[in-house]
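The values are calculated or read from the model by the stated rules, or taken from the named source; none is laboratory data. These figures come from a predicted structure and were not determined experimentally. FYI the Cβ positions are ideal-geometry reconstructions off the backbone, even for glycines, and counts take in every protein chain you see.
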Amino acid sequence: MEGIQIVMGVNHVKKIILTGGGTAGHVTPNLALIPALEKEGYEMIYIGSEEGIEKTLIQNQNIAYYAISTGKLRRYLSAKNVTDVFRVASGIKQAAALIKKLKPDIVFSKGGFVAVPVVLGAKANGVPVVIHESDITPGLANKIAIPFAKKVCTTFPETLDYIPKGKGSYTGTPIRKEIFEGKKQRGLKLCGFMEQKPVVMVMGGSLGSVKINVQLRGALEKLLKDFQIVHICGKGNVDKALEHKKGYKQFEYVSEELPHIYAIADVIVSRAGSNSISEFLALKKPNLLIPLSEKASRGDQILNAQSFEKQGFSMVLKEEDMTYASLERAIAGLYQNRQKYIQSMEKSHVRDGVYEVMRIIQSNTRRQ
């Protein structure tokens, strides 16, 4: 027919390799992107380690998973640094061969030591790479990977100062839509709580925090006079002597339950991991942050907490200042001033991380 041009050919299915692992924080944003990638017609593949948490978290997603050899990137002297050099080299070869075979149109890396061989393997095959950096200053794995990336997405605007000009893009963190779908009644039932008494949610990151657990339990008697407490304490950290304590509910780890627990929380006490605090901000939950000390980390959580405190989103208690009494006072003060924190969070210009990161992925996909 005149005026209509018919193009014969096969539609190309866009293919993306996702990578990232070592901790849940290097996987959760990838999980948040999966529904959006599916909606946009991407075929998804995940490359991770054989034994990392990423394998467990991705298994339920109906996505092809390939394991490669990985080694930990350490900032300190260790005999394992020598053997891990060979494991990383082997991982790079495996990743490069996999990428050559799978022919993705883009690689999206959430960081962690498993991501380095995948990023280098992508570069060797001429496949564009987009990286997401959760913390204010890039971690060691992303520092190595950034020169090979086309774009670096950031959770914090301050991170752009640490990335080559023109390469960084402030996107926020992709947050799973399920987080917003919690039901208060389900949360109360899960914990055996009453509706009339305020709820404090306490969590110490994906592995739990022994230091927070000890101080919280020391302050428990005083806190339970005014609050109900749901405590996500980490694997193997449940105190059996407190299992039937009225108004106190312990979980080793939560997954499907998390949105319902968020729904009942009036205030939250937590480490200052980037993904968690981004969720608190998105949900407008007043929070007390107890960042990992510089003795136990590279100091990234301290910077995250300082940024949120400066913006009026969070109260901060230094780990070294935490005692039974200081923790109890801080929680009481946070609850008393909760409206002030909610108002600051409501004024924030937090971005829709899923939308912003998807925009970067789509504009850098090799074949559109």
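When region 194-212 is filtered for residues that are buried (at least 18 other Cβ atoms within 10 Å of the Cβ) and not in a helix (DSSP H, G or I), the ones remaining, listed by number, are V199, V200, M201, V202, M203, G204, G205, S206, G208, S209.
Restrict the check to region 256-275 and report whether at least one residue is touching a Ser or Thr at 6+ places or on another chain (Cβ under 7 Å), of a type outside the set (F, W, Y) and farther than 15 Å from I331 by Cα.
Yes: one or more hits.
When residues in region 337-368 are screened for being assigned to a helix (DSSP H, G or I) and within 24 Å of the chain's Cα centre (by Cα), 17 of them pass.
Of everything in region 267-285, what is out of contact with any Asp or Glu (no Cβ under 7 Å at 6 or more places or on another chain), more than 16 Å from L216 (Cβ to Cβ) and not aliphatic (A, V, I, L, M)? Give them in sequence order. Please lay out each step first, then the result.
Let us first name the residues in region 267-285 that are out of contact with any Asp or Glu (no Cβ under 7 Å at 6 or more places or on another chain), namely 267-273, 275-283, 285.
Restricting the remaining residues to those that are more than 16 Å from L216 (Cβ to Cβ) gives 272-273, 275-283, 285.
Within region 267-285, G273, N275, S276, S278, E279, F280, K285 qualify.
Would you point out the residue of region 71-119, among those that are β-branched (V, I, T) and outside any helix (DSSP H, G or I), that is modelled with the lowest pLDDT?
Going through the qualifying residues, I end up with V114.
Among the residues making up region 356-368, those that are out of contact with any helix residue (DSSP H, G or I) (no Cβ under 8 Å at 6 or more places or on another chain) and either closer than 12 Å to L288 by Cα or at pLDDT below 95 (or both) are R366, R367.
Being assigned to a helix (DSSP H, G or I), in contact (Cβ under 8 Å) with a residue 24 or more places away in the chain and more than 20 Å from L283 (Cβ to Cβ) is the filter here; which residues of region 147-193 pass it? If the condition is that a residue be assigned to a helix (DSSP H, G or I), in contact (Cβ under 8 Å) with a residue 24 or more places away in the chain and more than 20 Å from L283 (Cβ to Cβ), then F148, E158, T159, Y162 are the ones that fit.
Residues checked against (1) assigned by TED's automatic domain parsing to the domain that holds H244; (2) out of contact with any Leu (no Cβ under 6 Å at 6 or more places or on another chain); (3) among the small types (G, A, S); (4) at pLDDT 95 or above:
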residue	(1), (2), (3), (4)
T137	no, yes, no, no
L140	no, no, no, no
D161	no, yes, no, yes
Q185	yes, yes, no, yes
L188	yes, yes, no, yes
P198	yes, yes, no, yes
L216	yes, yes, no, yes
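Listed conditions (1) farther than 22 Å from R271 by Cβ; (2) assigned to a helix (DSSP H, G or I) are all met by Q215, apart from (1). Among the conditions (1) touching a residue at least 60 places away in the same chain (Cβ under 8 Å); (2) within 27 Å of E320 (Cα to Cα); (3) of a type in the set (D, E), D239 misses just one, which is (1).
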